[in-house]
Amino acid sequence: MSRVLAVAPALPPDVYPQQQISEAIVPLLAPEGARRRLAHRVHAASGVDTRHLALPIDEYAGLTSFGDANAHFVRVGTDLAERAGREALAGAGVEPDEVDLVFFTSVTGLGAPSIDAALVHRLGLRPDVRRVPSFGLGCAGGAAGLAHLHEYLAGHPRQVALLVSVELCSLTFQRDDTSTANLVSSGLFGDGATAVVVGGDAVRRGTGPAAQVMGSRSHLYPGTADALGWDVRDSGFGIVLSPELPELLRAHLAGDVKDLLAPHDLTVDDVGTWIVHAGGPKVVDAVRDALALPESAVARTRATLAAEGNLSSSSVLHVLAATLDDGAPRPGEWAVLMAFGPGVAAELVLLSGREAGWA
């Protein structure tokens, strides 16, 4: 067992209404005509009201190369990661030199050394801290990272780990690409970061609401590699986004959740809190329908989607932060956190509530 001690979301300062983003970005993607009109329609139907962007909106017209976009990713992403990391450590009552492992996840930019290496100096982490940078988990990276830290801390109960997610999705939008996937993603994805401090079973830190990690499950759906991910081009990352994804979740998710809960003698009816990746309206609908949940069970996810858009791996961690801020799950109650990424893969984490604060 491990304990989530603190979660700190971080968003870029530049925030815009969805309509303003559409007016600035859509002309870069599609010429006047039917495809541009389609882009405006899908943006309006995305369930997104506002998004935070890595750059001021008028700078995207001059962003013409993968190299430039990636340089902004490293610069802005490192600053966001530092801010989130500082806030999470302070919220957990953990000193930087007490961190034993950093798990870093992103799928919207590259660096070697990766952003987590810069955090060692910026946050004051020990030079012997273990670092695990991850690329390719996509929107499932936040959930998968939490699961990996739980597994690591099971064998190191006195240690503290830091999960950091940075996703600057706006830097990946492909100019002059009128594919439906690119038009949809340009209206759905936003920019943000998150840091999560997780302690082993013997660690007694944290003063705010938090949760115990009780277990996890991964499921890779065979034959779905072309349904979600990146098409890596000279111009950068082209989105692969199949309209079949919601139906995949409707077909498989109930069985995955059942398999997560069964070792704990639980059923869906025993779970009071659902922490669902804000993948888009149809993805949220599919989760709700697959598990026969009331609309109220996905209300926080819809609110996060509306306020921020889909933040890829950070999305479900932002929903986790909002859930903990609301005092859920309460002590003795169960929660399931879930996200979905390239593969297609589902990552699920079982949580239970605990009392805030430790002696």
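The values are calculated or read from the model by the stated rules, or taken from the named source; none is laboratory data. Bear in mind the structure is a predicted one, so any value in this text is a computation, not a measurement. Note: ideal-geometry Cβ built from the backbone for every residue, glycine included; neighbour counts use all protein chains shown. Accessible surface is based on the protein model in full, side chains and every heavy atom, while ligands, DNA and RNA are left aside. Shrake-Rupley method; radii C 1.70, N 1.55, O 1.52, S 1.80 Å.
For the stretch 1-53, give the magnitude of the charge dipole about the Cα centre (Cβ charges: +1 Lys/Arg, -1 Asp/Glu; no others), in debye to the nearest 20.
Numbers: 6 positive and 4 negative charges, 45 e Å.
About 220 debye.
Highest GNM mean-square fluctuation, the chain, Cα pairs closer than 10 Å: which of LEU188, LEU348, LEU63?
Highest fluctuation among the options: LEU63.
Tell me, what is the 1.4 Å probe accessible area of ASP100, in Å² to the nearest 10?
In the full protein context, ASP100 sits at about 30 Å².
Using unit Cβ charges (K, R positive; D, E negative) and no other charged atoms, how large, in debye to the nearest 20, is the dipole of the chain about its Cα centre? Walk me through the numbers on the way to the answer.
Numbers: 27 positive and 41 negative charges, 33 e Å.
In debye, rounded to 20, the chain gives about 160.
Rounded to the nearest 500 deg cm²/dmol, what is the calculated helix-only ellipticity per residue at 222 nm for the chain, with -39500 (n - 2.57) per DSSP H run of length n ≥ 4?
-11500 deg cm²/dmol
In square angstrom, what is the accessible area per residue of the chain with a 1.4 angstrom probe?
Using a 1.4 Å probe on heavy atoms only, each residue of the chain averages 39 Å².
Out of SER296, THR180, ALA227, whose Cα points farthest toward the positive end of the dipole of the stretch 163-306 (charges: +1 Lys, Arg; -1 Asp, Glu; placed on Cβ)?
Final value for the positive-end residue is SER296.
Have a look at the DSSP beta bridges in the chain and tell me what percent are antiparallel, nearest 5.
75 percent
Pairing the Cα long axis of helix 245-261 with the longest principal axis of the chain, what angle in degrees results, from 0 to 90 and rounded to the nearest 10?
0 degrees
With all pairs of different alpha carbon atoms counted, what Kirkwood hydrodynamic radius in Å does the stretch 178-302 show?
Radius from the Kirkwood sum: 17.4 Å.
Which whole-number percent gives the relative contact order of the stretch 235-359, counting Cα pairs below 8 Å spaced six or more residues apart?
26 percent
Between (i) 20.6, 65; (ii) 24.4, 103; (iii) 19.3, 64, which matches Rg and Dmax of the Cα atoms in Å calculated for the structure shown?
Matching the structure shown: (iii).
Round to the nearest 0.05 the FRET efficiency obtained for GLU32 and HIS264 when R0 = 51 Å and r is the Cβ-Cβ distance. Spell out each step's value before the answer.
Numbers: r = 56 Å, r/R0 = 1.10.
The computed FRET efficiency comes out at 0.35.
Quote the charge dipole size of the stretch 267-345 about the Cα centre in Debye, to the nearest 20; the model charges only the Cβ of Lys and Arg (+1) and of Asp and Glu (-1).
About 180 debye.
Tally up the carbon and sulfur contribution to the accessible surface of the chain as a whole percent, 1.4 Å probe, everything protein left in place. Each step should come with its number before you reach the end.
On the way: 7350 of 13940 Å².
Roughly 53 percent, rounded to a whole number.
From the backbone phi of the stretch 162-169, what are the Karplus-calculated ³J(HN,Hα) couplings (6.51 cos²θ - 1.76 cosθ + 1.60, θ = phi - 60°) in whole Hz, Gly and Pro given as x?
10, 9, 10, 10, 10, 9, 10, 5
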